[in-house]
Structure formats: structure tokens, C-alpha cells
1. Every residue in the stretch 64-82 that is part of a helix (DSSP H, G or I) and within 24 Å of Q153 (Cβ to Cβ), please.
2. For the stretch 83-103, indicate whether the set of residues that are outside any helix (DSSP H, G or I), over 20 Å from the mean Cα position of the chain (by Cα) and either in contact (Cβ under 8 Å) with a residue 60 or more places away in the chain or within 22 Å of D228 (Cβ to Cβ) (or both) is non-empty.
3. Residues in the stretch 179-195 that are out of contact with any Gly (no Cβ under 7 Å at 6 or more places or on another chain) and part of a helix (DSSP H, G or I): how many?
4. For A204, work out the one condition from (1) surrounded by fewer than 18 Cβ atoms within 10 Å (Cβ to Cβ); (2) assigned to a helix (DSSP H, G or I); (3) not β-branched (V, I, T) it doesn't fulfil.
5. For M108, which of the numbered conditions (1) in contact with a helix residue (DSSP H, G or I) (Cβ under 9 Å, 6 or more places away or on another chain); (2) buried (at least 16 other Cβ atoms within 10 Å of the Cβ); (3) modelled with pLDDT of 95 or more; (4) of a type in the set (A, V, I, L, M, F, W, C) fails to hold?
6. Just one of T227, T179, T255 is under 17 Å from N119 (Cα atoms) and not aliphatic (A, V, I, L, M); which is it?
7. Evaluate the following for A54: is it crowded, with 23+ Cβ neighbours inside 10 Å, modelled with pLDDT of 90 or more and among the small types (G, A, S)?
8. Among the residues of the stretch 206-227 satisfying the criterion of being under 12 Å from the mean Cα position of the chain (by Cα) and of a type in the set (V, I, T), which is nearest to F247 (Cα to Cα)?
Amino acid sequence: MAKYISTVDQAEIPKVNFQEDFFMRSVHELLSLKGQVAIVTGGAAGIGLQMSYALGEAGANLVLASRKIERCEEVAQKMSGQLKAEVFPVQCDVAREEDVDNLFRSVMKKFGRVDILVNNSGATWGAPSLEFPMDGWRKVMETNVTGLWMMCQRAGKIMASQNYGRIINLASIVSFVGTMPEQMDSVVYTASKAAVAGLTKDLAAKWARHNITVNALAPGWFPSKMTDWSIREKGNAIKKSIPMQRFGGDDELKTAVLFLASPGASYCTGVILNVDGGWISV
């Protein structure tokens, strides 16, 4: 049997005394967000709400950002009574640059830092691809891609100055594949989520030097306002395409977003984590 010969000069490998130099944090420390500040766009409803709870339960102070401030204020009041964290509601349409700038001014004035950004706000528009209206195309792209980019850039500048940050974008199972129109007929949503996946990977490469990780979650079919019509009208057909034969539950994104937002994910960047019941595997 041939002997393996390393091409690395053994003298270059540092000698480590594991008894003296080995350091390992506890799981509790690795997943704790105590004292951190997390912005969650669209964080007062649907999957955004369960992700907000996950970060707040781990100790982060929360900024709930949404176009509908009344909903944010209602949820913030409820969460404040349930969590030890502070919950700060802010009105923000991510497709409007002035709203995005005002959001970050308000957060910095109140907390002085931004540690975590979850870009959950999104839009969709269903129509046959051969007749798809440009108004629908622009609306979805402005929210799902341009708005997400503006949020990333503003947060990235703050995080770079801190030399720390966690950005979690919401991609989708359709970031990777097309769909039959009988299942989902929104070419712009598919295109926008493919763009989110690409942007996530590129920013991960560019911002790693600033100790900023940029990752994404790719949820499958979770009941929400956005998926309500598809699930009502095509639910049985959709379930048949999911190996687990069911939709995502009310808490099945919590640990995924917590991991990517945590200190424990310090060596993960450019990752797109599928949470889809196996949908993408078939």
C-alpha cells in the first residue's frame, strides 16, 4: 500500500496542547442572543412572527418592521408581556428608500447597534407567464429584490463598523427550480427568489472579511397570507409533491433562523438552508 505523503511542511503546522489551548463554548452560549438587536421585516405575521419569537426567546431585542404599523404595535405589545426582550415596532415599506433609511435611523437612535437582520418581507403576483403584467413584475421585484438589497446594504454598513453581523435572507424552494403552472403560476416570484439566493452568496463572499455572515432560509410550503390561495385551491396537489405529505408548522422555522442568527453559526456563510419537508430532494 502506498504511503500518503503530505505536501505540507510539518514544521509549518503549529503544535497545540489541547489540555491548555482547547476552548469550547457551551451550547447555551453559542445560541444565546442576549443583548443583541435583531430587525425582522414582516416580523409581525406569518412565518415572520415565528422567527421573531425565536430571536426574542433567545434574548435579542426585537425591531418589528412592516408596512402596517398598527399590526406591528399590536404584536409588539403582546410580545413585550411574554418576552424579557424589548420589542420596538417601526413602520417600513422596504420598497421605499426613505422608509428603509428612517428604519435604520430609528433603530440606531434607540439601540445604537444592529446585530441581526432577517429579510422576511415579500410580495407575490400570480398570472400566466405569457400574459404577465409589467406592473406585477415591478412590484414584486421592488420588494423582494431591491428592497432586500437596500436593507442588506444599510445593515451591512453598520455591521462592518461593529465587525460583527448576521444577515438571514428569505429565499425559497423556487430559488432552485421552476414550477408547473398548475402548482404555482408566478414567474416573477420564482425569478425574485433566485435573485435572493444569488445575492446571498455574493454578499457572503464580499462581507466575510467584516465578520458578517450572510445566509438564507429556503422555506417550503408554510400556511400564510401569501400562500393562502394556493393552499386552499391546490393544497392536495401540493402535498403530494412534498415527501413528508404536509405543510410546514407554526414553529418549524424557529430553530433554523436561531441557528443562522447565533454566534454558533460563525463559520457558516453563503448557506441556503432548505426547510421544506423534503420538497427540493425529489
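The values are calculated or read from the model by the stated rules, or taken from the named source; none is laboratory data. Bear in mind the structure is a predicted one, so any value in this text is a computation, not a measurement. Note that each Cβ is placed from the backbone with ideal geometry, even for glycine, and that neighbours are counted across all protein chains shown.
1. Those that are part of a helix (DSSP H, G or I) and within 24 Å of Q153 (Cβ to Cβ): I69, C72.
2. Within the stretch 83-103, not a single residue is outside any helix (DSSP H, G or I), over 20 Å from the mean Cα position of the chain (by Cα) and either in contact (Cβ under 8 Å) with a residue 60 or more places away in the chain or within 22 Å of D228 (Cβ to Cβ) (or both).
3. 7
4. A204 satisfies every listed condition except (1).
5. It fails just one condition, (2).
6. Of the residues listed, the single one that is under 17 Å from N119 (Cα atoms) and not aliphatic (A, V, I, L, M) is T255.
7. Here the answer is yes, as A54 does meet what is asked.
8. V214
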